[in-house]
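Below you'll find the structure, written out as structure tokens, and then a few comments.
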Amino acid sequence: MITLPRRTVLATGSAALLTTALGIPARAQGVAPTPTMRGGANNYLPGAPIVERIGGGGFLMTGTVRRAGDGTPIANARIQMWAHTTEGHERDQRSHGATLTDANGRFQMDMPQIVPAFGQAHGHLAYDADLDGNGFQTVFLRPVMRSASDTTLDVAFVLQPA
């Protein structure tokens with residue numbers, strides 16, 4: 001057992017100090033891939049353009065993209081988003097847009113307020129391997145919001161190599 005000074009543990013967190021023989025942080029071992037959610041691909045339109053925002057904005061979709069197993073952030077992953085909003089139905093091309101993750105695997109998209117469709121306020125997101133050359137498997141998400149009045153939704157993709 002390794003004994004560390006209390007100040008070191010408090011400043012860095014004990015999990016951050018432990019590594020495997022490969023130098024991968026121990027806390028990141030065993031990060032399971034995100035499965036495709038039922039209904040996630042509903043109304044998917046392949047090839048939505050990369051845009052700064054969808055419509056007039058007002059709702060913020062954010063998230064992270066990491067690699068399964070070690071949890072490493074994935075930069076430049078193409079994430080597409082669409083939803084039923086105050087400006088259009090999730091089938092409408094104007095309700096779809098894509099963005100790329102930053103160096104820390106984070107993404108965000110400002111879009112119109114999501115409103116209930118089929119009784120639930122929910123968004124759709126996709127990592128589409130056919131439109132992204134990073135070598136991971138396609139994943140579709142359909143997260144349901146806690147409340148129709150929420151103005152943000154944060155999701156996490158954990159991708160498995162193809």
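No value in this document is a laboratory result; all are computed from the given coordinates. Given the structure is predicted, the values throughout are model-derived calculations rather than measurements. When we count neighbours, we look across all protein chains shown, and the Cβ atoms used for this are built from the backbone with ideal geometry, even at glycine.
Taking amide H as placed 1.01 Å from N in the peptide plane, the amide H of Ala117 sits under 5 Å from that of His122, each at least 5 places away or on another chain.
This ranking places Glu90, Glu52 by how few other beta-carbon atoms lie within 10 Å of each, fewest first, which gives Glu52, Glu90.
Here the 3J(HN,Hα) profile of region 132-144, calculated from phi with Karplus coefficients 6.51, -1.76 and 1.60 at θ = phi - 60°, is 9, x, 7, x, 10, 7, 5, 9, 10, 10, 9, x, 9 Hz, Gly and Pro shown as x. Ordered by the count of other Cβ atoms within 10 Å of each Cβ, fewest first, Arg94, Arg78 give Arg94, Arg78. Close amide H pairs (under 5 Å, H built 1.01 Å from N) link Gly63 with Phe107, Val155, residues at least 5 positions away or on another chain.
Packing, taken as the mean count of other beta carbons within 10 Å per residue, orders the peptides 154-162, 97-105 from highest to lowest as 97-105, 154-162.
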